[in-house]
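Only the coordinates and a few stated rules stand behind these numbers; no lab work does. Fair warning: this is a prediction, and the values are worked out from it, not measured in the lab. Heads up, the Cβs are rebuilt from the backbone with ideal geometry, glycines too, and the neighbour counts pull from every protein chain shown.
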Amino acid sequence: MKNKKVSEWSKLDNAAKIFPPNSKNSDTKVFRFACELYDNVDKQALQQALDITIEAFPLYKSIIKSGLFWYYFEKSRFKAVVTEENLPPCSTLYDKNNKTLLFRVMFYKKRISFEVYHALSDGAGAIQFFKTLVFHYITIKYESFFKDKVLVLDNDASRTQKMDDSFQKYYSGNRPASKKKTIKAYKLRGLKLPEYRIRVIEGVIPVDCILAIVKEHKTSLTIFLAAVLMCAINEEIPARMKNRSVVLSIPVNLRNYYYSQTARNFFGVINVDYNFSTRSNDLDEVIEHLKNSFKENLTPEHLEKRINTLSYLEHNYFLRIIPLAIKDVVLKIANNIVDKSYTSTLSNVGKINMPDEMKQFISSFDIFVSTSKLQACVCSYENKLRISFTSAFISTEIQRRFFKTLADMGIPVNIESNKVDEE
Amino acid sequence: MKYCSNCKVNIVGNRKNCPLCQEILLGDKCSDEIFPKISFVYKEHGLFFKIVLLASIVIASVSVAMNILLPQRGAWSLFILGGLGSVWASMINVINKRNNIPKNIVYQVMIISVIVILWDIITGRKGWSINYVVPLTCFFAMITMAIISKVRKLFIEDYILYIIIDGLFGIVPIIFIMTGILNVLFPSLLCIVTSIISLSTILIFEEHSLWAEAKRRLHL
């Protein structure tokens, strides 16, 4: 009898479970990495690079299906095809009535864009895929240049390591302690863009310039940017709302705290808050306060508690046998509550490295994410720091104040953005 | 690169106004935009859909109004509302699930069964729904699914679940036969036999796929 191949499947990791029921047109839970090159992108070479890359990341061949109790990834036979960019940034990737792969690769002039559905991976995981893709693209496109050179990407994780569900691995089974009271967060309001479009405004800044300023304030880059963003938001709060705190939600890459090379989700979130009605609106005061909050929140005990709180729910037998349809409703409500607990998000993906020989072909990297409010994502490559704001609002006041603050400190800022208005 | 004197930042691209403050930009050197221009689509439903929707609303409201004016014949307008509701329930499912035909068929069988049984009960329990409609719908669904899966060369994991659900559903008429509430046996027997054949086929030839699918769909 012939041996039929049964298609592979795997569970969604702990953090991924929240995404399928909460993906909608207004917030698609899709994020994008882009890489700007010095030459125009060659479609064929990119397709070849993609074909090689996907073999090293088996999970990226999956679609999401729903079972009776949970969603799961099932290996699909769809082929990933490179297209010229023809969709608004972060368009829907997961639609339960129209199954597609959970990522897409597009190009426009000198830029390669890679969009991923968040259930598949977080930023730190997806960057592994993207770096591999860009790596292969450049070696294929400039084949003659790399003829006698042996290049390696600083990415030695095996296929199993990349498929690893690190939440499972580091769940200690301790019952979480009761959590502290949540603070009433100020909620951004305003007219939104039509068709659930998002506005992308990116500021490109020389790393050395901003690090010098950060040093002057005796802090870290993430805290500095968070403080500037909080002050920019504060200027927008109407007087009658001043008693509410500005709360920034900051995703933390748990790979920095636990050993893991997974290409799937492995992040936690910390919330930091500052109340401008009771405290000074001086930047240094905000920085001082944030330093303490970061220190309190980023202890190993605190992070472990977070992993346990989330995983505890997943491991609870009673909750596991609740049908998916009911879980969906509960997860939607939970998501709404979480959404109300913060004003905005700042995510620092950090430094992106490529092999030295490739640097003459790559100009910069950037990352941004879909949102129904305002989000900032930060990454750096060589001497270019990119701060990308995505926003569902028509108003650009917060972004303007944010970049104005940096410009006033004497930092040169180059602004890049997409055209959402019919200008 | 252009420059905004208000925000004190350089602006990449070929625009006239600052994306941050809308101020007119200084300098005339244009560079490439980094995003392609994507126009709004203003997605609209088709004209046919709009006409059908309006027609349903007109028929529903007029008939209810007429019924209130002429109450002698009983609440006949409720039948019209029920009919429209049934058609819409079925239509919405067809449209939403148009990309997954086997799933669409199974949902359709369920919706039609529920609707006809309700109608049968309301219109005097003559038993036509479980005598004819439910078993025959189920039977035709199984046949259609078998044909479509072959013609469209679907992969087993894309339709096995729906064949199983429909097969199990098709066995339910055994209960009706055993309890003796059926007047006509032929449609139910046809449906049960087809179900048994269809389920056995899967069990015999696709045993591996069947257990794999069960494991995936039912994992805790």
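So the values come out like this:
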item	result
Straight-distance crosslink candidates among lysines, where the alpha carbon sits under 21 Å from A:Lys43 and sequence neighbours closer than 8 are dropped	A:Lys61, A:Lys79, A:Lys109, A:Lys110, A:Lys131, A:Lys141, A:Lys359, B:Lys37
Alpha carbon convex hull of the range A:194-417, volume per residue in cubic angstrom	173 Å³
Selection from B:Leu78, A:Ala239, A:Phe393, by position along the positive dipole direction of the protein assembly as shown (Cβ)	B:Leu78
FRET efficiency, 1/(1 + (r/R0)^6) with R0 41 Å, evaluated for B:Lys37 and A:Ile213 via beta carbons	0.70
Cα-centred dipole magnitude for the range B:41-218, charges only on beta-carbon of K, R (+1) and D, E (-1), debye, nearest 20	340 debye
Under-5 Å amide H pairs with A:Leu385, H placed in peptide plane, nonlocal only	A:Ile205, A:Val207
Within the protein assembly as shown, percent of DSSP bridges classed antiparallel, to nearest 5	85 percent
Peptide ranges B:47-60, B:18-31, A:131-144 listed from the most packed, as the mean C-beta count within 10 angstrom indicates	A:131-144, B:18-31, B:47-60
Label point distance in nm, A:Lys43-B:Glu207, each placed 7 Å from Cα along Cα→Cβ	4.9 nm
Cα gyration tensor shape of the range A:1-114, rounded if a/c is under 1.5, else prolate or oblate by comparing a/b with b/c	oblate
Residue-averaged beta-carbon neighbours from other chains (10 angstrom radius) around B:26-37	5
Average other protein chain Cβ within 10 Å of Cβ, residues A:307-316	0
Amide H within-cut-off set for A:Glu236, under 5 Å, with H built and near neighbours excluded	none
Quarter of Cα convex hull surface for the range B:44-135, i.e. mean projection, nm²	7.4 nm²
The range A:92-107 - phi-based ³J(HN,Hα) in whole Hz, Karplus 6.51/-1.76/1.60, Gly and Pro as x	3, 10, 10, 10, 5, 9, 9, 6, 9, 4, 9, 8, 9, 10, 10, 9
Of A:Leu283, A:Thr262, A:Asn97, farthest towards positive along the dipole that unit charges on Lys, Arg, Asp, Glu beta carbons give the protein assembly as shown	A:Asn97
Cα point-scatterer Debye curve for the range B:1-155, base-10 log of I(q)/I(0) at q = 0.21 Å⁻¹	-1.26
Table column - 3J(HN,Hα) (Hz), the range A:161-169, Karplus curve with 6.51, -1.76, 1.60, x for Gly and Pro	4, 6, 7, 4, 9, 5, 5, 4, 5
222 nm mean residue ellipticity, helices alone, for chain A (DSSP H n ≥ 4; -39,500 (n - 2.57); rounded to 500)	-9500 deg cm²/dmol
The range B:104-170: chymotrypsin sites (Phe, Trp or Tyr not before Pro) falling in loop per DSSP and having at most 14 other Cβ within 10 Å	B:Phe155
Cβ-defined net charge surrounding B:Leu25, 11 Å radius [Lys, Arg +1; Asp, Glu -1]	+2
Most mobile of A:Leu331, A:Leu101, A:Leu151 in a GNM of chain A (Cα contacts under 10 Å)	A:Leu151
Taking the C-alpha atoms of the range B:78-220, convex hull volume expressed per residue in Å³	132 Å³
Amide H contacts of A:Ser364 (H built 1.01 Å from N, under 5 Å, at least 5 apart or other chain)	A:Glu36
Net charge, A:Lys141 excluded, C-beta distance under 12 Å - Lys, Arg +1, Asp, Glu -1	-2
Cβ neighbours within 10 Å from other chains - mean over A:407-415	4
Contact order relative to length of the range A:272-385, as percent, for alpha carbon pairs under 8 angstrom and 6 or more apart	18 percent
Chain B, helix-only ellipticity at 222 nm - DSSP H runs n ≥ 4, -39,500 (n - 2.57), divided by all residues, nearest 500	-21000 deg cm²/dmol
Between the range A:211-234 and the range A:20-91, the alpha-carbon center distance in angstrom	34 Å
Unit charges on C-beta of K, R, D, E only; dipole of the protein assembly as shown, Debye	1420 debye
Centre separation in Å (Cα based) which lies between the range A:123-167 and the range B:62-115	55 Å
Dipole in debye (nearest 20) - the range A:194-417, about Cα centre, beta carbon charges: Lys, Arg +1; Asp, Glu -1	580 debye
Residue (of A:Ser370, A:Asn22, B:Ile175) at the positive-pole extreme of the protein assembly as shown, dipole from beta-carbon charges	B:Ile175
Total formal charge among the other residues, if their Cβ is under 13 angstrom from that of B:Ser200, Lys/Arg +1 and Asp/Glu -1	-2
Unit Cα scatterers, Debye sum, the protein assembly as shown: log10 I(q)/I(0) for q = 0.11 Å⁻¹	-1.19
In sequence order, calculated HN-Hα J values of the range B:188-202 (Karplus, 6.51, -1.76, 1.60; Hz; x Gly/Pro)	5, 4, 4, 5, 5, 4, 4, 4, 4, 4, 5, 5, 5, 4, 4
